[in-house]
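The values are calculated or read from the model by the stated rules, or taken from the named source; none is laboratory data. Not measured: the values here are computed from a predicted model. Positions of Cβ are generated from backbone atoms using ideal geometry, with glycine treated the same way; all protein chains shown enter the neighbour counts.
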Amino acid sequence: KKRDGKNGAQIFDNGMLDDSRRRAELESYIESGLSEDWFEAYLQPVVNIDDRSIVGFEALMRLHHPQKGILPPGRIIEVAEETGSIIRIGNRIMEKAIAHFARLSRLDGMQDSYIAINFSPLQFEPDLPVRIAALLSRYDISPRRIVIEITEAVLMDDNPETRMVINEICHYGCRIALDDFGTGYSSLSYINRFPVDIIKIDQSFIRAINDTASDVSARSRMLVESITTLSHKMSCTVIAEGVETEEECATLRTMGIDYGQGYLFHRPQHPDNLMKTLSGPQFD
Ligand code: C2E
Ligand code: CA
Ligand code: CA
Ligand code: CA
């Protein structure tokens, strides 16, 4: 966003001023969010794609600003990863997600469900396994019911400490999901090097299976089908992300995908709202 001035000097355009102002604003929201408890873990159900029963939930961060309303995580996470505050935010989200999950899992039919939590690379600090263990014993939840969602960014980091922490969490019994599968490069190699249990196929692939250009849709279908076959051979469960239409759902079912997540089934919701829906008489 820098432009060369007439005599070679750098001048800043308005875009850059706006960017840094916006960034400072987000940093202040993050700090207040932590001290004033504005962060919340919204939950989006994950369903069995055949009968649409709920198999688990993914925790998605939201910041409830008292004046600005509910802010989505995108830019907040970017800034928090740069400043390091993602560690404190992540711990907060994890505590909330597990507390909500403990309530939800007491509902009829939810005894075997899981809670999936997103982790950024910086969050794999040596004390993470102990933090998780303390929360699980406080709420009496089995480690098998916790899914750690990581992206290739975490694995590419290739930090020995990160690797050790992930292995420790696995040995403890938590499961690992590889998020946004297919969007990075050499994704396949990670299934081999890490104890991955779940593959989440990124929504860009799901969108493409019904692309109006028939060559695009044909290739995307082959790709999704191959990822599914391969994942099953590696004993991994496959989740399709961002399922929005019946047409997509039908195609995914023929491909043997296990689970689905998306607006077609359930939107991310405030946990109280979800609790109400799932315990209400209209739901079975
Ligand atoms: P993600 O893990 O890939 O999460 C899925 C995103 O897709 C969520 O966006 C969700 O709201 C959205 N989504 C779900 N179903 C549909 C659908 O049918 N159609 C469409 N168009 N979108 C759908 P969200 O909540 O904005 O999260 C964005 C990203 O932020 C997440 O992507 C995840 O990478 C990150 N994130 C969210 N919460 C946390 C957190 O607590 N910690 C960390 N480190 N990252 C988080
Ligand atoms: Ca995720
Ligand atoms: Ca994802
Ligand atoms: Ca994604």
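The table below lists the values:
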quantity: Segment 134-154, subset within 16 Å of ligand 4 (Cβ to nearest atom) and assigned to a helix (DSSP H, G or I), residue nearest to VAL238 (Cα to Cα); calculated: GLU152
quantity: Pick from segment 214-242, criterion closer than 15 Å to THR254 by Cβ and surrounded by fewer than 17 Cβ atoms within 10 Å (Cβ to Cβ), ranking: farthest from the chain's Cα centre (by Cα); calculated: ALA218
quantity: Failed item, numbered, when TYR185 is tested on (1) at pLDDT below 95; (2) more than 14 Å from ligand 2 (Cβ to nearest atom); (3) closer than 30 Å to HIS100 by Cα; calculated: (3)
quantity: Given (1) away from ligand 3 (no atom under 16 Å from the Cβ); (2) free of Cβ contacts under 8 Å to residues at least 60 places away in the same chain, index of the condition ARG52 fails; calculated: (2)
quantity: Pick from segment 81-96, criterion of a type in the set (Val, Ile, Thr) and free of Cβ contacts under 8 Å to residues at least 40 places away in the same chain, ranking: farthest from LEU63 (Cα to Cα); calculated: ILE87
quantity: Candidates ILE117, ILE150, ILE132, ILE166 - the one that is at pLDDT below 95, within 16 Å of ligand 1 (Cβ to nearest atom) and under 17 Å from ILE89 (Cα atoms); calculated: ILE150
quantity: Qualifying positions in segment 247-259 - charged (D, E, K, R) and under 17 Å from ILE54 (Cα atoms); calculated: ARG253, ASP258
quantity: Top-ranked residue in segment 99-122 [being within 16 Å of ligand 2 (Cβ to nearest atom) and outside any loop (DSSP other than H, G, I, E, B); ranked as surrounded by the fewest Cβ atoms within 10 Å (Cβ to Cβ)]; calculated: PRO121
quantity: Tally of residues being of a type outside the set (Val, Ile, Thr) and either touching a Gly at 6+ places or on another chain (Cβ under 7 Å) or assigned to a loop (DSSP other than H, G, I, E, B) (or both) across segment 29-70; calculated: 11
quantity: Search result, residues across segment 123-133 that are of a type outside the set (A, V, I, L, M, F, W, C) and either within 16 Å of ligand 4 (Cβ to nearest atom) or surrounded by fewer than 20 Cβ atoms within 10 Å (Cβ to Cβ) (or both); calculated: GLU125, PRO126, ASP127, ARG131
quantity: Some residue of segment 259-275 being within 16 Å of ligand 1 (Cβ to nearest atom), within 26 Å of ILE148 (Cα to Cα), surrounded by fewer than 18 Cβ atoms within 10 Å (Cβ to Cβ) and free of Cβ contacts under 8 Å to residues at least 12 places away in the same chain; calculated: yes
quantity: Positions within segment 158-180 being over 22 Å from ARG145 (Cβ atoms) and not β-branched (Val, Ile, Thr), in sequence order; calculated: ASP158, ASN159, PRO160, GLU161, ARG163, MET164, ASP180
quantity: Any pair with Cβ under 8 angstrom, 6 or more apart, that starts in segment 113-134 at a residue that is closer than 13 Å to SER85 by Cα and in contact (Cβ under 8 Å) with a residue 24 or more places away in the chain and ends at one that is charged (D, E, K, R) and in a loop (DSSP other than H, G, I, E, B); calculated: PRO121/ASP157
quantity: Residues that are within 15 Å of ligand 3 (Cβ to nearest atom), part of a loop (DSSP other than H, G, I, E, B) and closer than 25 Å to PRO143 by Cα, drawn from segment 158-215; calculated: VAL196
quantity: Among the candidates PRO72, PRO66, PRO45, residue that is within 16 Å of ligand 3 (Cβ to nearest atom) and surrounded by fewer than 17 Cβ atoms within 10 Å (Cβ to Cβ); calculated: PRO72
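Residues are listed down the side, and each one gets a yes or a no for (1) without any contact (Cβ under 8 Å) to a residue 24 or more places away in the chain; (2) within 16 Å of ligand 4 (Cβ to nearest atom); (3) loosely packed, with under 15 Cβ neighbours inside 10 Å:
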site: THR162; (1), (2), (3): no, no, no
site: ASN167; (1), (2), (3): no, no, yes
site: ASP179; (1), (2), (3): no, yes, no
site: GLY184; (1), (2), (3): no, yes, no
site: ILE198; (1), (2), (3): no, yes, no
site: ASP202; (1), (2), (3): no, yes, no
site: THR212; (1), (2), (3): yes, no, yes
